[in-house]
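*Asks:* Before I ask anything, let me first share the structure, which is written out below as structure tokens.
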Amino acid sequence: MPRLNENYLNVKDSYLFAEIARRVKVYEEEHPDKSANVIRLGIGDVTRPLTKSVINALHEAVDSQAVSETFKGYGPEQGYDFVRNAIAAYYAKNGVEVDPDAVFISDGAKSDTGNITELFAKDNTILIPDPVYPVYVDTNTMDGKNIIYMNGTEENNFLPMPDDSVKADIIYLCSPNNPTGACYTKDQLKAWVDYAKKNEAVILYDSAYEAFISEPELPRSIYAVEGAKECAIEFCSLSKTAGFTGTRFSYTVVPKELVFTSSNGTKMSVHDMWNRRQSTKFNGTPYIIQYAAAKVFTDEGMAECMENISYYKENARLIADVLSKKGIWFTGGVNSPYIWFKCPNDMESWEFFDYLLENAQVVGTPGAGFGENGKNYFRLTAFGSHEKTKEAMERFDRLF
Ligand code: MLT
């Protein structure tokens, strides 16, 4: 009999969004007359179709696979140079220099933030904000790692800052934040970089929502902070930037400057380790997808994406307007597609989830699914259509 990884006994039976989908399915089965009315603003899944440049590129790439001269088999495990260069150029446009060789193409920031745990020994102390994107907690729990939490609260606008009395080896940060939509300033990120360097820690920085930042002084990458390449890995994705949730494309920057010393004194390059891991366990994102993804980083491709992002931000404004009118505390929605608010009438978040589903047929995400500190909060996403978001918020308005 195999000995199983018993750390799996320590994670909840199902992943947060699978649990929400299950509860909504049960509701729809029990209320078939209401199921057509259900409006989903729970999981942060996009609804706008892929842009014209991406669709054209997908067609071109598919056709190129039908011709022996242009057909592509295995590609480089790290991704094709044309897209790694396009990503480095995109960083440069935002004022950040990134070596294309440090960019690794993958199929999702979710997979990479999970897989990166393999590079770190079991006895590390992992510092994770609460509330947080559940993947960071679940993957480290599956690995049997020691997690400590830092509190996100209304007082710190759900943006925890370093505490010198805490000694962590690995720190997860996400900005603009999932689930709260709050965004670190450059000074705040600098404080994290200083902490990481002082403690010889590594920051795992999830910037999947960077394209939603509209306030120019806010950093879109941790590498906007000097010295961050010596202590941070950055994960980003086209899921939210370009509507690739179903198409799958992400990139992880593992700087060559990231070097630590092993127990026997050998210098170990995290970049080389990730390269070794990826070339052993991954055969690359499909060429067709990489070819289309490269178009996102052109001026025309990015302008099309920004139109969709503006569309979603208008939804965020609709949500925020109703919450403001009701005097409900919230954060997010300006530099992010997520709005995080205090549950009305002192309800707990799963109770509020059921209440909203039963009385307004609106699905959101209970804050408790993101951690203990989320238990009285709720997340709505701006990724729906204008019509459905407006309708959902009219129902909300009538309810409270
Ligand atoms: C969310 O709703 O939090 C996101 O869709 C999760 C993800 O990007 O995996």
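The values are calculated or read from the model by the stated rules, or taken from the named source; none is laboratory data. Worth saying up front: this structure is predicted, and the values here are computed from it rather than measured. Cβ sites come from the backbone with ideal geometry, for glycine too, and all protein chains shown count toward neighbours. The protein model used for the area step is the full one, side chains on, heavy atoms only, and it has no ligands, DNA or RNA in it. Shrake-Rupley method; radii C 1.70, N 1.55, O 1.52, S 1.80 Å.
*Asks:* Just to verify a number: FRET efficiency for K34 and E314, C-beta to C-beta distance, R0 = 25 Å, to 0.05? Walk me through the numbers on the way to the answer.
*Replies:* Details: r = 27 Å, r/R0 = 1.09.
Rounded to the nearest 0.05, the efficiency is 0.35.
*Asks:* Still on this structure, please answer the following. Rounded to the nearest 500, what is the 222 nm mean residue ellipticity of the chain from helices alone, with -39500 (n - 2.57) per DSSP H run of 4+ residues and division by all residues?
*Replies:* Working: 11 runs with 146 residues, N = 400.
Per the formula, -11500 deg cm²/dmol.
*Asks:* Using only the Cα atoms of the chain, what are the Rg and Dmax in Å?
*Replies:* Considering the chain through its Cα atoms, Rg and Dmax are 21.3, 67 Å.
*Asks:* If you don't mind, there's one more thing I want to ask. Largest first, how would K281, K145 line up by accessible area (1.4 Å probe)? Write out the running numbers ahead of the final one.
*Replies:* Working: K281 125, K145 20 Å².
Accessible-area ranking of K281, K145, largest first: K281, K145.
*Asks:* What does the accessible area per residue of the chain come to in Å², with a 1.4 Å probe and no ligands, DNA or RNA counted? List each step's numbers first, then the result.
*Replies:* Numbers: 17930 Å² over 400 residues.
Value for the chain: 45 Å² per residue.
*Asks:* Would you be so kind as to identify which of F260, W329, V193 lies farthest towards the positive end of the dipole of the stretch 177-331, taking Lys and Arg as +1 and Asp and Glu as -1 on Cβ and the Cα centre as origin?
*Replies:* So the residue we want is F260.
*Asks:* So, with +1 on the Cβ of K and R and -1 on the Cβ of D and E, and no other charges, what is the size of the charge dipole of the chain about its Cα centre, to the nearest 20 debye? Present the calculation step by step, with values, prior to reporting the outcome.
*Replies:* Working: 41 positive and 56 negative charges, 50 e Å.
Here the size comes out at about 240 debye.
*Asks:* Might you report the magnitude of the Cβ-based charge dipole of the stretch 241-360 about its Cα centre, with Lys and Arg at +1 and Asp and Glu at -1, to the nearest 20 debye?
*Replies:* On the way: 12 positive and 13 negative charges, 131 e Å.
Approximately 640 debye in magnitude.
*Asks:* With θ set to phi - 60° and the Karplus curve 6.51 cos²θ - 1.76 cosθ + 1.60, what are the ³J(HN,Hα) couplings of the stretch 190-198 in order, to the nearest whole Hz, using x for Gly and Pro?
*Replies:* Along the stretch 190-198, the couplings run 4, 4, 5, 5, 4, 4, 4, 5, 4 Hz.
*Asks:* Work through the residues other than F120 whose Cβ is under 10 Å from its Cβ and net out their charges, Lys, Arg +1 and Asp, Glu -1. It would help to have the intermediate numbers written out before the result.
*Replies:* Numbers: positive: K122, K145; negative: E118, D123, D143, D169.
Taking every other residue near F120 into account, the sum is -2.
*Asks:* Rounded to the nearest 0.05, what FRET efficiency is calculated for N151 and S68 with R0 set to 56 Å and r the Cβ-Cβ distance?
*Replies:* Details: r = 59 Å, r/R0 = 1.05.
Efficiency for this residue pair is about 0.40.
*Asks:* Out of residues 5 or more away from V202 or on other chains, whose amide H comes under 5 Å of its own, with H placed 1.01 Å from N in the peptide plane?
*Replies:* For V202, the qualifying residues are I170, I171.
*Asks:* Charges at C-beta only: +1 for Lys and Arg, -1 for Asp and Glu. How large is the resulting dipole of the stretch 29-121 about its Cα centre, in Debye rounded to 20? Before the final figure, lay out the partial values.
*Replies:* Numbers: 8 positive and 15 negative charges, 81 e Å.
Computed charge dipole of the stretch 29-121: roughly 380 debye.
*Asks:* Show D13, D194, D187 ordered by accessible area, largest first, where the area counts protein heavy atoms only and the probe is 1.4 Å.
*Replies:* D13, D187, D194
*Asks:* Separate question: Could you point to the residue in H59, F71, I87 farthest towards the positive end of the stretch 45-101's charge dipole, with +1 and -1 charges on the Cβ of Lys/Arg and Asp/Glu respectively?
*Replies:* It is H59, whose Cα lies furthest towards the positive end.
*Asks:* What residues qualify as long-range amide H neighbours of T245, i.e. H under 5 Å apart, gap of 5 or more or another chain, H built at 1.01 Å from N?
*Replies:* V46
*Asks:* Given the options A293, F378, A228, identify the residue whose Cα lies farthest towards the positive end of the charge dipole of the chain (+1 on Cβ of Lys, Arg; -1 on Cβ of Asp, Glu).
*Replies:* Farthest towards the positive pole: A293.
*Asks:* Continuing with this model, one more query. Ignoring any ligand, DNA or RNA, what whole percent of the accessible area of the stretch 52-300 comes from carbon and sulfur when the probe is 1.4 angstrom? Walk me through the intermediate numbers first.
*Replies:* Values: 5180 of 10320 Å².
That fraction is 50 percent.
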